[in-house]
1. If you take the residues in segment B:191-224 that are surrounded by fewer than 19 Cβ atoms within 10 Å (Cβ to Cβ) and under 12 Å from B:V43 (Cα atoms), which one is farthest from the other protein chains (Cβ to nearest Cβ)?
2. Scan segment B:285-328 residue by residue and report those that are of a type in the set (D, E) and part of a loop (DSSP other than H, G, I, E, B).
3. Here are the criteria: (1) within 25 Å of B:G72 (Cβ to Cβ); (2) free of Cβ contacts under 8 Å to residues at least 60 places away in the same chain; (3) not in a helix (DSSP H, G or I). Tell me which single one B:L125 does not satisfy.
4. Among the residues of segment A:133-148, is any outside any helix (DSSP H, G or I) and touching a residue at least 60 places away in the same chain (Cβ under 8 Å)?
5. Checking A:L187 against (1) surrounded by fewer than 21 Cβ atoms within 10 Å (Cβ to Cβ); (2) more than 24 Å from B:G334 (Cβ to Cβ), only one condition comes out false. Which one?
6. Could you tell me which numbered condition B:A67 fails, if it satisfies all but one of (1) touching a strand residue (DSSP E or B) at 6+ places or on another chain (Cβ under 7 Å); (2) part of a loop (DSSP other than H, G, I, E, B)?
7. In segment B:257-284, what residues are assigned to a helix (DSSP H, G or I), more than 30 Å from A:Y90 (Cβ to Cβ) and under 14 Å from the mean Cα position of the chain (by Cα)?
8. Would you mind stating whether A:I224 is within 23 Å of A:H88 (Cβ to Cβ), outside any helix (DSSP H, G or I), β-branched (V, I, T) and not assigned by TED's automatic domain parsing to the domain that holds A:S146?
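The values are calculated or read from the model by the stated rules, or taken from the named source; none is laboratory data. These figures come from a predicted structure and were not determined experimentally. Cβ atoms come from the backbone with ideal geometry, glycine included; neighbour counts cover every protein chain shown.
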Amino acid sequence: MNILEVKDVSKSFGGVKANQSISLNVEEGKIVGLIGPNGSGKTTLFNSICGTHPINSGSIKFYQKEVSTLPIPLVARLGLLRTFQQTHIYGKLNCIQNMIISAKSESTGLFSVFSKIPTTLNDKAEALLEFVGLYQKRLLRAGDLSFGQQKLLELAMALMNEPKMLLLDEPTAGINPTLINGIIDRLIRVNKDYGITLLIIEHNMRVIMSLAEEIFCLAHGELIAKGTPEQIKNNKNVIDAYLGTQ
Amino acid sequence: MRSKKIFFLLVILGLIAPFLFPAFKLQMSIMWILVVLALTWDVQGGQMGYNTFGNIVFFGLGMYLCAATQIGLFFPLGEWTAAGGEKTFVHNSEQYFQGLFLGLIVAAIVPVFVAVFIGYGILGLRGHYFAICTLGLGIAAGEFAGGIEIIGAGQGMTSPPWPKGIGNTELRGEFFYYICFVLMICSFLFLRWAYSTRFGLVLNAIRDNEDKAEAMGINTMKFKISGWMVSAFFVGIAGGLMGNMIGYIEPVETAFPGRTFGVFMVLMAILGGKGTLIGPIIGAIAFHLFKEGFWTFFLGWQYVALGALIVIVVVFFPEGIMGYLREKFPERFGEVVDEKNRKSQVELS
């Protein structure tokens, strides 16, 4: 079953056509990659899916529900979460607080503003921090962590929310090679153990080829190829987009 | 446990203070009002990261509403203001306290609704844009109030004087001192509780990264408006009390004093350490002591001295007193690396 269906989505900023009638489907439970040279519209597509900006035309369906017109928090509450290319964490709060605030709040009524924080969240937060290897630093301010650790924290925060699907924008950008292996390992476990569908933007080919079961390639705002990692590696369009035509 | 003891000690000190320093009753009442202003400013400016100059709107609104209710309940408001300071109408003691009670309720509730209304419009703005917009609100409110004839327009109006026949001016001072003190304690306790709920955490999340908070499914607007409602509630009451203590309400200087109180509430919170619960209280008390000290000992140069204080605070304590302590002693604030649990060390290979 398709968890996410993007159909003929176009988005332009003034004269720049960032996305031109892009269609892609993501099957539930899979790890899917999204690649493309810089400025090819990958992050724009993520923003469109999450509702950061309205799209010009097309439709985006999550579990058969149209989400392209919904505001960001509502899309997130449906279970479609994203992480950012630059780490977005709450710098002055400690890791535990970062985690607790990321949990889905059960009540949404008028007086839920002052609802008590369930104590069970603390254990869950600690368990997830242990999963990404940040347990010892849980009481430090998140802003004092290193960039790589912040990326891991952001991943843990996303898991805390128990999403159905995660959009990861370059989870390994700017991270040292040994830590990258750790992140790959964690992402596979997220997919297998927690059953979360992943759509990953990635520039690191080694990472995306070893992670993804299916890859979409964008260039100058258009979808130019899709297929298994093997097919993508040998696709002429993809090679041309990355290296220039000969 | 120890902090609870200190708290009770301070409350008792606050309760007996008007008898220890009877000459400073009014000054101490104003100090508690300032503490309330600093505490509630910190909800936006410190905890939520929205630097507002607009809370002064609720202050003036509360002041006018309270006085207008006190008078309007028993006498025609227009004739009262037209009479200026003349004692044409006199509240008897029953009318006075009834009026004050209802006036304070109105002064609390109406600003809350105004906060929802304005907040819905402008809390979508961020950073400097929000600050400038609220600055405009404060100025506009002063001009607006200066144009309404029934509340005295630019001339201002008097609030009802203390009724004759009960006690002397000492009793009046003590009465208002205790109301101010109770208001301060209530706002402190309320905020302490509120910060322990989801409200506090979400406010901090908005301050640190609002985009992230939204992307994680938090309806940030709801929390931003709720925060402003809380501020408006307490600031409105504070304004109502201030109007009664001063006895004379003038639109720009006392009701919407953006240049003085509007800036002071920001300074006090920053001086004490914004984003902390205790910081604004310390800041407000220290600021009030400094300010009155300057006015007494450096008269003529008081604003120069105040300016120098501001420069010193901004240069040497940009995070305020509490922030400075946190930088110096992070362990005291619970920022520690847990060395015990070695097995969960980051093992990424």
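1. B:R192
2. B:E319
3. Result: B:L125 passes all but (1).
4. Scanning segment A:133-148 turns up no residue that is outside any helix (DSSP H, G or I) and touching a residue at least 60 places away in the same chain (Cβ under 8 Å).
5. So the condition that A:L187 fails would be (1).
6. Tallying (1) touching a strand residue (DSSP E or B) at 6+ places or on another chain (Cβ under 7 Å); (2) part of a loop (DSSP other than H, G, I, E, B), B:A67 fails exactly one: (2).
7. Scanning segment B:257-284 gives B:G258, B:T260, B:F261.
8. When the stated conditions are applied, A:I224 does not pass them.
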